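Reviewing the structure listed below.
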Amino acid sequence: MEQNIRTKAIWMHPGSADIACVVGNVAVAVATGGHILFVNLKTAAKSYYLADSVQSGNGVACLAGHKLFPILAFAERCTNPRILLISYPANTVLSVLEGDQTECSYIALCFSESELLVALTGVPDYSLEVYAWRSKELLCKKPSSIICDLQRLICSPSAVFAVCQYAPRKPELKLWEVHGNIRLSRLIERTVCLDLESHELPLCVTFLIDGNLAVVTQQAKVFTILASTGQISQTISSPDVVVDERSYIPFIFYCKGGLFVSAPDGQVNFYKKQKGTWNQLWSTQSDASYSQLLHYSTSEGLLGITTEGFIMRTVMDVDVRNVEFHVVKDLDVGFTFSGTYTINSSHKIVGIKPNVGAVKLLNFETGAVIDSINVGHVECTAKHLDKPYLVVGSNTGILQLIVVDEKQIKLVGRLHLSRHSIVGTVCAIADDRYFAALDAKGQIAIIEITEDLEMIVRQVFGDLKSAKNLFLWCSSEEVLMVQPIEEPTDTVSFRSVEFIVKQHHTEDISKTLLSLPHDYCQIVPKRTGTRLEFYAHQIRTNVIDLLEISRTEAELEIVLLKTIKTPLSVAHVEVAVDERFLYVWSMDGKTALYECSTDKLICTLSFDSRFNGGIKQISLDRNN
């Protein structure tokens, strides 16, 4: 019988802190796609706002905090989005701004220091909107010529309310001045084109106290721009030797009467205007490089977020010659791989941060870190299907075996497999003693995990281009591998699979290409022991096919066993499977749960993060 179940988020760790702001000088707010994480600046306590309904908002696309009041504005991440204003720490919805009901998206927001809120829409119209947030009125709206989804808005501290709109990777700024009063307003637009080459981008912009602008480029060049003319007023710094990291956006911020500039390597420079000329006052190395500079106040100092996910407070003394860096809170961002384990009826989650090599054991109910180890840079992982084991591959060709128990994670095995990076690992479906590891040269190794938790290489052969979508069956006699073959089209789809057989006692490798009955965009193996069965999602539909590779001495063929029409309305779904359940979910957060033994629909789940691009991983307690 179908049953609808409503779920609620208990805890969360943000994947990144790319969208963040300071709210009323009392908290840092971080958008997590579907919700908002608050960190109190005094106590470092975490709290959450769940944007999971029509009343509280449908997802979070962008946000902005008021400088003076503990008020946060965020735009919904859905079709026909609204802008909601909420209070902190009560999390009460104060008002809802409906705009002009145009179907669009929002990509940036910013508050004035008074009663104006500026919003930048994205696809399809890219327009600037000005609201009186107390009265909920849309005062004016004007299209912008900067067409880019990654843009920022910053507000001027000068008497004339001005907003700078810019895209970090475009050499163009828009300076908007808001004239008039709360009832009659108009926008005056000025375009500033910067003479910058592509290698000098991205850039960052800040307002000076006099309403002019300061800019820093990727090449650490710092200069000021006259707001009235758009001309460069003074080049402050133009170094010859710079750190070249294209993925990093440099940051600049006006505070303490000067310019605070951060670089990719953590180098921080401070410039101050003395007798009409900007001079470098000091240069130092911070504890970590910044990914954002958020807000300055005399009580809290300069608040920013580092590339490793720490909220950092920078404190400078009266004459700005001494500087200290203090960590306010570790946001624990950057988890990419995760797995759920049930050990003696106790549920645990293992999360991995690949870039820093951190493997953490988390409490299932609270998300608190129980134990942590460092294994170096992680390229790939494979979670054992039945036992609390985890295999990680590195960019140095090393495989590491990790065992998970109730209170700790232990590194129990290490194998230097290749001189090349390990680019893929996959555990066997039929015999859980085995797994496969693929290096960057296409060599694949079949490895056995013994009862003593040793990793023994049983076979090495090639050549395989990728471990993506690779399925593995092993026995004492042979290795079977199945890999869907992507079609070279704009839409990724599978029309055939490659069936690979390697006998243990011979060097010969048999490869057979088998055609599929339909075009599929995802194929996952059914956990049925030695039977070669697959669930396959037909492209642009909500239909799942159950397929089997029939293997006889005479021939190989793919047989369509069953077609499952899911109750999901969205024409693109994602599929996952374990030994008990088939999970089918769509971008709207609806998830259908099937019993694998009968392929019967058990229930439909409705998840609260439905406007966050869908679910990437899912599992249920297999014992209940």
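The values are calculated or read from the model by the stated rules, or taken from the named source; none is laboratory data. Predicted model, so just to flag it, every value in this text is computed and none were measured. Heads up, the Cβs are rebuilt from the backbone with ideal geometry, glycines too, and the neighbour counts pull from every protein chain shown.
In the list Val369, Val392, Val356, which residue meets the criterion of being of a type in the set (A, V, I, L, M) and more than 24 Å from His416 (Cβ to Cβ)?
Values: Val392 fails: more than 24 Å from His416 (Cβ to Cβ); Val356 fails: more than 24 Å from His416 (Cβ to Cβ).
Residue meeting the stated conditions: Val369.
Per this entry, Ala437 is counted among residues that are touching a Gly at 6+ places or on another chain (Cβ under 7 Å), in a strand (DSSP E or B) and not β-branched (Val, Ile, Thr). Within region 286-302, being part of a strand (DSSP E or B) and either among the charged types (D, E, K, R) or surrounded by 19 or more Cβ atoms within 10 Å (Cβ to Cβ) (or both) holds for Tyr290, Ser291, Gln292, Leu293, Leu294, His295, Tyr296, Gly301, Leu302. Suppose we keep only residues that are hydroxyl-bearing (Ser, Thr, Tyr) and under 21 Å from Ala576 (Cα atoms) within region 336-370. Which one would you say is farthest from the chain's Cα centre (by Cα)? Applying the filter and picking the extreme gives Thr342.
Scan region 472-487 and give yes if some residue there is hydroxyl-bearing (Ser, Thr, Tyr) and part of a strand (DSSP E or B), otherwise no. Reasoning before the result, please.
Our first condition is that a residue be hydroxyl-bearing (Ser, Thr, Tyr); within region 472-487, this holds for 475-476.
Then keep just the ones that are part of a strand (DSSP E or B); that gives none.
Looking through region 472-487, none of the residues is hydroxyl-bearing (Ser, Thr, Tyr) and part of a strand (DSSP E or B).
If only residues of region 376-404 that are assigned to a loop (DSSP other than H, G, I, E, B) and in contact with a Leu (Cβ under 9 Å, 6 or more places away or on another chain) are counted, the one that is modelled with the lowest pLDDT is His384.
For region 527-552, a tally of residues being farther than 19 Å from Lys600 by Cβ, assigned to a loop (DSSP other than H, G, I, E, B) and touching a residue at least 40 places away in the same chain (Cβ under 8 Å) returns 4.
Checked against the criterion of being in contact (Cβ under 8 Å) with a residue 60 or more places away in the chain, surrounded by 15 or more Cβ atoms within 10 Å (Cβ to Cβ) and within 19 Å of Cys521 (Cβ to Cβ), region 553-566 contains one or more residues that satisfy it. Can you pull out the residues in region 40-57 that are surrounded by fewer than 12 Cβ atoms within 10 Å (Cβ to Cβ) and either of a type in the set (Val, Ile, Thr) or in a strand (DSSP E or B) (or both)? Listed by number, the residues that qualify are Thr43, Ser53, Val54.
Residue count for region 70-88, restricted to those that are crowded, with 19+ Cβ neighbours inside 10 Å, of a type outside the set (Lys, Arg) and in a loop (DSSP other than H, G, I, E, B): 3.
Selection over region 303-348 of residues that are buried (at least 22 other Cβ atoms within 10 Å of the Cβ), aliphatic (A, V, I, L, M) and in a strand (DSSP E or B) gives a count of 4.
Which ones in region 592-624 are at pLDDT 60 or above, closer than 21 Å to Val60 by Cβ and not basic (Lys, Arg)? Lay out the reasoning, then the answer.
Pass one, region 592-624, residues at pLDDT 60 or above: 592-607, 616-620.
In the following step, the residues that additionally are closer than 21 Å to Val60 by Cβ were identified as 606-607, 616-617.
The answer is Ser606, Phe607, Gln617.
Scanning region 197-207 for residues that are at pLDDT below 95 and either among the hydroxyl-bearing types (Ser, Thr, Tyr) or more than 16 Å from Gln151 (Cβ to Cβ) (or both) returns Glu197, Ser198, His199, Glu200. Say whether the condition of being within 21 Å of the chain's Cα centre (by Cα) and among the hydrophobic types (A, V, I, L, M, F, W, C) is met by at least one residue in region 82-104. No, region 82-104 contains no residue that is within 21 Å of the chain's Cα centre (by Cα) and among the hydrophobic types (A, V, I, L, M, F, W, C).
What residue, among those in region 22-36 that are farther than 18 Å from Val93 by Cβ and of a type outside the set (S, T, N, Q), is farthest from the chain's Cα centre (by Cα)?
As a first pass, look at region 22-36 and keep what is farther than 18 Å from Val93 by Cβ: 22, 25-26, 28, 30, 32-33.
When the remaining residues are screened for being of a type outside the set (S, T, N, Q), the result is 22, 26, 28, 30, 33.
Numbers: Val22: 20, Val26: 26, Val28: 19, Val30: 12, Gly33: 9 Å.
Among those that are farther than 18 Å from Val93 by Cβ and of a type outside the set (S, T, N, Q), it is Val26.
Comparison of Ser105, Ser114, Ser185, Ser135 shows that the only residue that is without any contact (Cβ under 8 Å) to a residue 60 or more places away in the chain, surrounded by 15 or more Cβ atoms within 10 Å (Cβ to Cβ), of a type in the set (Ser, Thr, Tyr) and within 30 Å of Val54 (Cα to Cα) is Ser105.
Taken as a whole, the structure leaves Gly424 outside the set of residues that are at pLDDT 95 or above and within 32 Å of the chain's Cα centre (by Cα).
Of all the residues in region 455-471, those that are surrounded by 13 or more Cβ atoms within 10 Å (Cβ to Cβ), in contact (Cβ under 8 Å) with a residue 40 or more places away in the chain and outside any strand (DSSP E or B) number 3. Across region 440-451, the qualifying residues are those that are part of a strand (DSSP E or B) and not charged (D, E, K, R), and the one among them that is nearest to Leu385 (Cα to Cα) is Ile449.
Can you tell me which residue within region 89-102, out of those that are polar (S, T, N, Q) and loosely packed, with under 14 Cβ neighbours inside 10 Å, is nearest to Val39 (Cα to Cα)? Before you say what the answer is, go through the steps one by one.
As a first pass, look at region 89-102 and keep what is polar (S, T, N, Q): 91-92, 95, 101-102.
If we keep only those that are loosely packed, with under 14 Cβ neighbours inside 10 Å as well, we get 92, 101-102.
Numbers: Thr92: 17, Gln101: 33, Thr102: 34 Å.
The selected residue is Thr92.
Against the condition at pLDDT below 85 and either out of contact with any Leu (no Cβ under 7 Å at 6 or more places or on another chain) or within 25 Å of Ala382 (Cα to Cα) (or both), how does Asp319 come out, does it pass? So that I can check it myself, show each step before the final result.
Working: at pLDDT below 85: yes; either out of contact with any Leu (no Cβ under 7 Å at 6 or more places or on another chain) or within 25 Å of Ala382 (Cα to Cα) (or both): yes.
So Asp319 fits the description; yes.
Reported count of residues in region 377-394, each being touching a strand residue (DSSP E or B) at 6+ places or on another chain (Cβ under 8 Å) and exposed (fewer than 15 other Cβ atoms within 10 Å of the Cβ), is 1.
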